[in-house]
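Before any comments, here is the structure.
Derivation of every value follows stated rules applied to the coordinates shown; laboratory data play no part. Bear in mind that the values here come from a model prediction, so they are computed numbers and not experimental data. Note that each Cβ is placed from the backbone with ideal geometry, even for glycine, and that neighbours are counted across all protein chains shown.
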Amino acid sequence: MFAAELRPMLDEQVEDPRDVQIRQVVPEIALRLDRFDAVNSQQHLDTRYLVERHLDQFREKLISAVAAEVSRTWQMGCLVWQPLSKMSSQQPQPPPPSTSSQQHTSPSFPAAREVQNFALPNSAPPSLTVESFRAPPASLMAQRPLPEFQSLFASPSESSATSPPSPHLRPHLPRQNRHPRHPTSTGLPPAYSMSRSHTTVRQLCEEWYSGIDGQPSIRHLEEHWGRAWRRASTEDVFFGRRRVIIDELERLVAGGCSSREAAIIDLDGWRGTASLDKLVMKIKNRKKDGLNGRVGGVG
């Protein structure tokens, strides 16, 4: 009984008012979205058309400007090339005789001469054309050497007749140095190694005082660089051994020997057939024994 009464109530569907409003609004929203999409698409097409139109106009203007510039450049090249071709076909005339003073003051190019005349008072402005900037032919320049270098190639009689070049145009010749400092650009001492092939005191003295094979002497290296040029420890030890012979040579010269040559002969004679290392040992042993006289004939 109770169930029969509830069944009609359950069969009835109660509709929410909000659902009704939503069903009414959704078609309106869909319609407005369709209209907005159509308007947006049309604006996009219009904008694309305008951009493409402006690009086409810019491309046409650019092509026209490039074509005009190429044509103008070609015409200017023809104007310059025609006088140059005529000049190359003509035989250059020999230059008129002129003194050395005129060679110093007269410019070589026509344009330079016109500019120089324009600098003078009461003179008209120069008319510079393509012909004014034409360089003299190569043969003409070969016949007229630069005035500042003429005195270098002239004979003594010719150089006396011409005026000497100005001091600022004279070539700067480097002084010849017997003992050049090789690493002048870096400021570092030269990397030098003493010769190990010497067998006589004379050969050692030549390297020490004069230098061999175009290299600086040992004395020069010592005076200018000290121990800096002896970078390796082995070179320092070898230098010390040979320094014993040089010190003994200087002692003999200071002690009454007639000359360094005589002292070299005495030391080589005392060395005999022994090596320079053996001579070093002889000198050290002699100093220990207190014998500091002349070595010649004294064992």
With a point put 7 Å past each Cα toward its Cβ, work out how far residue 49 is from residue 32 in nm, to one decimal. 2.9 nm
Just the C-alpha atoms of region 201-289: what Rg/Rh do they give, with Rh taken as the Kirkwood radius? 0.97
Using a cut-off of 17 Å between alpha-carbon atoms, which lysines can reach residue 61, once sequence neighbours fewer than 8 places away in the same chain are excluded? none
Can you tell me which of 207-214, 43-50 comes out highest on packing, and rank the rest after it, using the mean Cβ neighbours within 10 Å? 207-214, 43-50
Cut-off 13 Å, label point 7 angstrom out along Cα-to-Cβ of residue 281: give me the residues of region 190-220 whose amide nitrogen falls inside. none
Identify all lysines with a Cα-Cα distance to residue 278 below 23 Å; exclude those on the same chain that are fewer than 8 residues away in sequence. 287, 288
If you take the beta carbon distance between residue 42 and residue 63 as r and set R0 to 22 Å, what does 1/(1 + (r/R0)^6) give as a FRET efficiency, to the nearest 0.05? 0.10
